[in-house]
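Q: Below is a structure I'd like to ask you about.
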Amino acid sequence: MELLSRTLCFYAFQLFLHLFEDGPLTLPAARAYDLVEDYKGSTFFDKWDFYGSYDNLTNGDVIWQDRANATSDQLAFVNSAGNAIIKVDNTTNVPYNIKRNSVRITTQQAFGVGSLFIADFVHMPYGCSVWPAFWTRGLSWPEGGEIDIMEGVNLMTQNQMALHTREGCMNVAPAAGAQTGTTGPLDCSQGAGCTVLDNSTSSFGAGFAQAGGGVFAAQFDVNGPSFAPRSIFIWFWPRANVPQSLQSTSTSPINSLTDWGVPAASYASTGSCNITNFFDAQYLVLDITLCGDWAGVPSIYTPQCASQGSTGLCYNDNVIGPGDRYSNAYFEIQYVRVYSTAAVVTPGSSSSGGPSPTSSGSGSSTTTSGSVRTAARNIAPWLLWGILVAML
């Protein structure tokens, strides 16, 4: 019996080591996130759809170009450093009553609950009339939900995060210490949504650029930190404070978020807003518009940008005329990565009105074997414990 026990222990230990050979032990509640998409370098744009029409969504004064025109006009390209550039046209003299060219792109895949979205920006667009965003949306809006990870306008210095949903989702101000940002309106179905303002003045605009950029991350999961399961969390780190776990160029699974610290925004799933009821699988979106329903509203635009021109109007004093005022209206992106605890990602086109996002499908992924390993990791500690108990 003693020999049998030792033999079982030996093989159980070998199995355990194999399952965890590419990462440290984690308990089931701290599941590993496997890389499923890595948008970077020369192939950055290959799995994004270009909008290819005017801004009919936020009434911005831009025409979002298709891929061919954006590429030929150097509004979307990969620079010599290997970083993706998305920019507003800053070379054309635009006549009155004409919109300026820009770019909006959306991932061809949607990613369900159990995902991490991470983006490393060297530079983000800013300036009077400029309205950039890095966000997610469901297939239909607002029914499928929206997560604003990075967004701001004009000369703002702080990032404004938000959720947008259909009627019925109310955010609950988190307990002290659960987020570093400042909670705004709580009704996620109204106007700006349920917002949280990042307290860091390097989280948006010129301060972001001066800090060398930084990293944004959002956790869209049913197993958040222990104090708030089924939640959406958003982090921002300026370049000097990026966690060690995100400084490596490795695309290994993320086994722990312990060095990420307290999130800037914490949206706990509660009885007043169950995240899984209000959010479908999410597409990632990067865009830059001008003026429109936020940046161009007089009460928003005038306090910061009234001195931009003689009329005091967003469109007249910025969009038309020479483009050199938009020299800072660009994204420079080292990568956008999606990690997931799910085995596959959701198929379907973001622009063609494809099938409704679901948690299953045959969508492509960077790694599927890693997801199987993730599932095995989740149950392995309990299997090993069962073997040890049986031997006793």
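Q: Mind checking which residues of region 158-176 are surrounded by fewer than 24 Cβ atoms within 10 Å (Cβ to Cβ), among the hydrophobic types (A, V, I, L, M, F, W, C), in contact (Cβ under 8 Å) with a residue 24 or more places away in the chain and touching a strand residue (DSSP E or B) at 6+ places or on another chain (Cβ under 7 Å)?
A: Met170, Val172
Q: Another question, then. Scan region 306-335 and report the pairs whose first residue is within 18 Å of Trp64 (Cα to Cα) and whose second residue is among the aromatic types (Phe, Trp, Tyr) and not in a loop (DSSP other than H, G, I, E, B), with Cβ atoms within less than 7 Å and a gap of 6+ or a chain change.
A: Correct list of pairs: Phe331/Phe121; Glu332/Phe121.
Q: Could you look through region 319-343, keep only residues that are open to solvent by less than 60 Å² (accessible area, probe 1.4 Å), in contact with a strand residue (DSSP E or B) (Cβ under 7 Å, 6 or more places away or on another chain) and among the polar types (S, T, N, Q), and pick out the one that is modelled with the lowest pLDDT?
A: Here the answer is Thr341.
Q: Out of all the residues in region 158-171, which are farther than 23 Å from Ala211 by Cα and assigned to a loop (DSSP other than H, G, I, E, B)?
A: Thr165, Arg166, Glu167, Gly168, Cys169, Asn171
Q: What's the number of the condition Ala12 fails, among (1) among the aliphatic types (A, V, I, L, M); (2) at pLDDT 95 or above; (3) open to solvent by less than 70 Å² (accessible area, probe 1.4 Å)?
A: With (1) among the aliphatic types (A, V, I, L, M); (2) at pLDDT 95 or above; (3) open to solvent by less than 70 Å² (accessible area, probe 1.4 Å) applied to Ala12, the lone miss is (2).
Q: Report, ordered by the first and then the second residue, all pairs with beta carbons closer than 6 Å, sequence separation of six or more or different chains, a first member in region 277-291 that is within 17 Å of Asn154 (Cα to Cα) and part of a strand (DSSP E or B), and a second member that is open to solvent by 10 Å² or more (accessible area, probe 1.4 Å) and modelled with pLDDT of 95 or more.
A: Hits for this filter: Asp287/Arg104; Thr289/Thr58; Thr289/Trp131; Leu290/Asp61.
Q: Do the conditions hold for Pro185, that is, is it surrounded by fewer than 20 Cβ atoms within 10 Å (Cβ to Cβ), under 17 Å from the mean Cα position of the chain (by Cα) and modelled with pLDDT of 95 or more?
A: Here the answer is no, as Pro185 does not meet what is asked.
Q: Follow-up question, since we're still on this one. For region 123-157, name all the residues that are open to solvent by less than 10 Å² (accessible area, probe 1.4 Å) and in a strand (DSSP E or B).
A: Val130, Pro132, Ala133, Phe134, Thr136, Ile147, Asp148, Ile149, Met150
The values are calculated or read from the model by the stated rules, or taken from the named source; none is laboratory data. Computed from a predicted structure; not experimentally measured. Backbone-built Cβ (ideal geometry, glycine too); neighbour counts: all protein chains shown. For the accessible areas, the whole protein counts, side chains as well, though only heavy atoms, and no ligand, DNA or RNA atoms are used. Shrake-Rupley method; radii C 1.70, N 1.55, O 1.52, S 1.80 Å.
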